[in-house]
Amino acid sequence: MIWDEKSECMTKKEKEKIQLERLQKTVKLAYENIEFYKKRFDEIGLKPEDIKTLKDIEKIPFTTKSDLREAYPLGLLAVPREDIVEIHASSGTTGKPTVTAYTQNDLDIWGECIARGLKMAGAKKDYIIQNAYGYGLFTGGFGIHHGGNKMGAITVPISAGNTQRQLDTMIDFQSDVLTCTPSYAMYLGESREKAGISLEEINLKAGIHGAEMWTSEMRKRIESSLGIKTFNIYGLTEVMGPGVAQECSEQNGMHIQDDHFYPEIINPENGETLEPGQNGELVLTSLTKTGMPILRFRTKDLTSLIADKCKCGRTTVRMTRITGRSDDMLKIKGVMVFPSQIEKALLKVSGASPNYLIHVTRPDILDEVEVKVEASKELFSDEIKEMEKVEKQIQASIRSETGLRVDVTLCEPESLPRSEGKAVRVIDERKL
Ligand code: ZN
């Protein structure tokens, strides 16, 4: 079940040859057409011809999210405006949005990458894909849609939300694949149980979930509550959208489409390149995009690369589950904490949902942390005493996971803020 064996199963030699050719072409394109890159290269006396080997990529300066923001909205195009056919953007919740622009060929490549992932999840041409990612500027909905079209499968563009309609669609259309954020998949699973719909009434086989961090505990809950196998998908607006990488049926790392995106892992502190197996920040360079090529983009996502051939037969390099974001790392009372650790702790307590908000303040000289957690619907309708008991359990679970003592407040289901279907995890009000 491989979508494009020729591209996904290349030997190391074949792969490196293609990567180098494409890298050289992309660097030339960026240098000759984008003022930002020309200036960056000229400042350090770097010429496109200096990229003679893949290793030479390390000579190229990094591109950051703030570089993209400064070029807002369309300052980084490498082609004339009339060649652009679609635009997407990040939400801009923490500043100006970052924009990505696609030529028709870029969209075809996006579709190709997603189609490879759909195939990894077992999809076929006659499959119904219930696409519950949000449609709009967010890349999730349209990305999956382009891939579904490329495969020739039947895409239902239901978008995010309207849970009753999602469940009706699963039953009436007998959808085969569900695509949405993991938190929404979990909510749909819980809603199915509450509505008394049996697993036999729905026909779901696979779920492709990403766009936010999730844990293996969450995966287990989604898989059992929807009766599916789940596939972790990775991508980001700045580079393309979802489909940069995805898990195959081995569920052991996500295959990066490395004939289109060149991955590196760096030490986030000093920018040095790290070896496969070492954990660090993922840096991506587009190899085939022409609308808005991007060189050495610092994703801030922490992961490591697996270079060995996968049991599925694909040779594309894999990346492990994202363990955190280098800028999400919170230092609380001197302790390093990742939101994912809080999530892990929550999933160990029954009655707690994985929807939470970490609120950090420093009223005086000491940090104070309040973790607000959405209660399950049953628990919320229960007695206060029962709620207090669960709050204490959550507190203990967080303490054993992180070593931190935090205040825990259970709140009403679905009361915490969300953006683009993604949960807001941290509010840090300390003036550091
Ligand atoms: Zn594989």
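The values are calculated or read from the model by the stated rules, or taken from the named source; none is laboratory data. None of these values were measured; they are calculated from a predicted model. Heads up, the Cβs are rebuilt from the backbone with ideal geometry, glycines too, and the neighbour counts pull from every protein chain shown. Just the protein is used for accessible areas: all its heavy atoms, side chains included, with ligands, DNA and RNA removed. Shrake-Rupley method; radii C 1.70, N 1.55, O 1.52, S 1.80 Å.
Picking from THR63, THR53, THR103, which residue would you name as being touching a residue at least 12 places away in the same chain (Cβ under 8 Å), more than 12 Å from PRO293 (Cβ to Cβ) and polar (S, T, N, Q)?
Unique residue meeting the criteria: THR53.
When only residues in region 299-328 that are of a type in the set (Lys, Arg) and more than 30 Å from LEU404 (Cα to Cα) count, which is nearest to the ligand (Cβ to nearest atom)?
Among them, the one singled out is ARG314.
Hey, can you tell me all the residues within region 116-157 that are away from the ligand (no atom under 16 Å from the Cβ), touching a Lys or Arg at 6+ places or on another chain (Cβ under 7 Å) and of a type in the set (Gly, Ala, Ser)?
Listed by number, the residues that qualify are GLY152, ALA153.
Kindly list the number of the only condition in (1) open to solvent by 40 Å² or more (accessible area, probe 1.4 Å); (2) part of a strand (DSSP E or B); (3) of a type in the set (D, E, K, R) that fails for GLU374.
The failed condition is (1).
Residue pairs, Cβ under 6 Å, 6 or more apart or interchain, first in region 236-257 and free of Cβ contacts under 8 Å to residues at least 24 places away in the same chain, second near the ligand (Cβ under 10 Å from one of its atoms) and among the aromatic types (Phe, Trp, Tyr). List them.
none
Which pairs turn up if I take residues in region 372-395 that are farther than 26 Å from ILE427 by Cβ and look for partners that are aliphatic (A, V, I, L, M) with beta carbon separation below 7 Å, at least 6 apart in sequence or on another chain?
Once the first residue is farther than 26 Å from ILE427 by Cβ and sits in region 372-395, its partners that are aliphatic (A, V, I, L, M) give GLU386/LEU379.
Which of the residues that make up region 331-341 are within 21 Å of the chain's Cα centre (by Cα) and open to solvent by less than 10 Å² (accessible area, probe 1.4 Å)?
VAL337, PRO339, listed by residue number.
Considering region 63-104 alone, what residues qualify as being over 23 Å from the mean Cα position of the chain (by Cα) and surrounded by fewer than 17 Cβ atoms within 10 Å (Cβ to Cβ)?
GLU70, LEU74, GLY75, PRO80, ARG81, GLU82, ASP83, VAL85, GLN104
Which of the following residues is part of a strand (DSSP E or B) and away from the ligand (no atom under 16 Å from the Cβ): LYS344, LYS392, LYS331?
LYS331
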